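Read through the structure below, which is laid out as C-alpha cells, and then see the notes.
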Amino acid sequence: MIILALPTYVVRKGLESIFRELCTQKKIHSTANIQELNQYIKDSETRLVYAHSSFIPDLQTNYHRKDSCKIVRVIDEKPKELLEEAFQSDILYLNDDEQSIIKNIKRNIALTEKANEGSSEESELSEREKDIVREIALGKTNKEIADNLFISAHTVITHRKNITKKLGIKTVSGLTIYAILNKLIQMEET
Amino acid sequence: MFITRNMKMADAIHHNHLLLPVINRLGIQLGFGDLSIEQLCDEKGIDIDFFLMIVNAFLDHDINKTMKLDNVSVEQVVVYLKATHQYYLERMIPEVENRINALIQHSDIDQKQFLLVKNFFEEYKHEFYAHLKHEEQSIYPYVLEVNQANKIGKLEEDLLQKIQNEPIDSYAEEHTDIESKLFDLKNILIKYLPESKDSYLRNQVLNALFKLENDLNDHSRIENMVLVPMISVMENELLKSC
C-alpha cells in the first residue's frame, strides 16, 4: 500500500495520478489528514509514504513493525544551492522538473516492490518448493509435510507463503490443479 | 465520476455498463428512454438517495468519504443484498458454468485438464452457496433484529447475548476463502492451463469470472462499509442503554 499525504487538494490528486501511471499497485491512498496518515503508517500493508513536510513534525513513527515502511518527505521548493546536488530518493521537491520527479517515484516504487516480494523476479519454483506443492496437493497438513521432509513446521509455512507469491495461487485446491498440470503429481494420486 | 439525480439514466449506463445488473436489482429495467434518474425513481417508487448511494458505491471504491450513513435504511440494504444473491445464483454462476462447459466441449487440448477446472469451480460453487445461505439465514435476520430493537428501543435477553457473543464485526472477515478461490481460478486459466490454438472460449470464461469478481467486491463493499458500521453503531447504543 502506498500513502500520499499532502494538504493541497490539487497537488495530492496530481501526485496520485502520476503514481497510477507509473505503477500497477492498486492500493494507493491519498489523505490530507494527519490522524488518518498515522493510522496508515501503523498498518503493516503500508510500504511507502509520501508525506508533506508540514506533516512531518506530527508523524508517529515510534511504533513497532517487523517490516519497513519508507517515508519520503515532500518539500514545496528545492533550495537553490541544492540545484546541482546528487539524487536523493527520500526527498521529493514539488517544483522539481518532470524527469527528477519521475525518477524519484520510480526508484521508490522499485524499492518497495523488492521489499514486498523478496525475489519477485523469479517465479520459477525451487526444487524444495516443488516438493512442498506436491505434498500439499496430496492433502498433507503442515505438520505432516514438516515430518516427511525433515524440516520445521515454521519453514513449511514460509515456503507456502513464497509459493503463493510466485504462483498467484492461494488455496489447496488451486495448488492441486497446478501440481497436476505441471506433472508434479499424477491425477490418480489425488 | 459521480452519478447524480439529474443525470439521464442512459448516460449513467454509457458511463459504465457494469451498472446494468445493479440498476436491475434496484428495480429498474431497460427501456427507460430519456428519463433522468430522479424521474425514473419517482415513477418506480424507488428511494432516490438509496439508489444513488448503491450506484456510486459501485463506481467509487472510496465510499467512506462520500456517503452519509445516517439516513440509510437497513431494511433497504438487506433487500438489495438479497437481490444480488439472487442474481448470482440465477445468472452469474450459471453463466460461468455454461462457458466452462462450452470450453470443455470445443477445446483442442486434453479434456481431463479442463475437467479439473470444472471440478474446481464446482467446489467453489458449493462454498459460495453455503456462504450465501449463512448470510440469509443468520446474518441478515440478526441485522434486522438489531435494527428493530434499536428502533423501538427495547432489547430482549437473547438478542443481548447474540450482540455480546457474535457482534457484526466478527463476520466481516468471512469472505476471504471464497475470494481466494476465484483468484486462483483466474490465474489457472490465465497462466497454467496449456496453450491452445484459440483462446476465445477461455476468454469468455475469464470475462465472466472478472465480472463476477467485480460484482462480489461491490457486494462486500456494501456489507463492510455500509451494513457493518451501521449495525455496529446500533449494537453499541443498545448495549449502553441496558
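For a quick check of your reading: which helices (runs of 4 or more DSSP H) sit entirely within the stretch B:31-135 and have at least 3 residues that are surrounded by 13 or more Cβ atoms within 10 Å (Cβ to Cβ), touching a helix residue (DSSP H, G or I) at 6+ places or on another chain (Cβ under 6 Å) and more than 14 Å from chain A (Cβ to nearest Cβ)?
Helices (runs of 4 or more DSSP H) meeting the threshold: B:37-44, B:48-59, B:74-87, B:93-105.
Just to confirm my filter: which helices (runs of 4 or more DSSP H) fall fully inside the stretch A:132-190 and include at least 1 residues that are in contact (Cβ under 8 Å) with a residue 12 or more places away in the chain and within 12 Å of another protein chain (Cβ to nearest Cβ)?
On the way: elements: A:142-149, A:153-167, A:172-181.
Fully inside the stretch A:132-190 and qualifying: A:153-167, A:172-181.
Would you say residue B:200 is over 24 Å from residue B:132 (Cβ atoms) and within 13 Å of chain A (Cβ to nearest Cβ)?
When the stated conditions are applied, residue B:200 does not pass them.
List every residue pair whose Cβ atoms sit under 8 Å apart, with the two residues 6 or more apart in sequence or on different chains, where the first one lies in the stretch A:82-110 and is within 19 Å of residue A:56 (Cα to Cα) and the second, anywhere, is modelled with pLDDT under 85 and assigned to a helix (DSSP H, G or I).
A:89/A:111
Working carefully through the options B:212, B:155, B:227, B:216, find the one that is closer than 24 Å to residue B:79 by Cα, in contact (Cβ under 8 Å) with a residue 24 or more places away in the chain and touching a Cys at 6+ places or on another chain (Cβ under 8 Å). Even if it seems obvious, please write down each step before you answer.
Details: B:212 fails: touching a Cys at 6+ places or on another chain (Cβ under 8 Å); B:227 fails: touching a Cys at 6+ places or on another chain (Cβ under 8 Å); B:216 fails: touching a Cys at 6+ places or on another chain (Cβ under 8 Å).
Exactly one of B:212, B:155, B:227, B:216 is closer than 24 Å to residue B:79 by Cα, in contact (Cβ under 8 Å) with a residue 24 or more places away in the chain and touching a Cys at 6+ places or on another chain (Cβ under 8 Å), namely B:155.
Can you say whether residue B:165 is away from chain A (no Cβ under 13 Å), at pLDDT 90 or above and either more than 17 Å from residue B:125 (Cβ to Cβ) or touching a Gly at 6+ places or on another chain (Cβ under 8 Å) (or both), as far as the supplied structure shows?
no
The values are calculated or read from the model by the stated rules, or taken from the named source; none is laboratory data. Bear in mind that the values here come from a model prediction, so they are computed numbers and not experimental data. We place every Cβ from the backbone using ideal geometry, glycine too, and count neighbours over all the protein chains shown.
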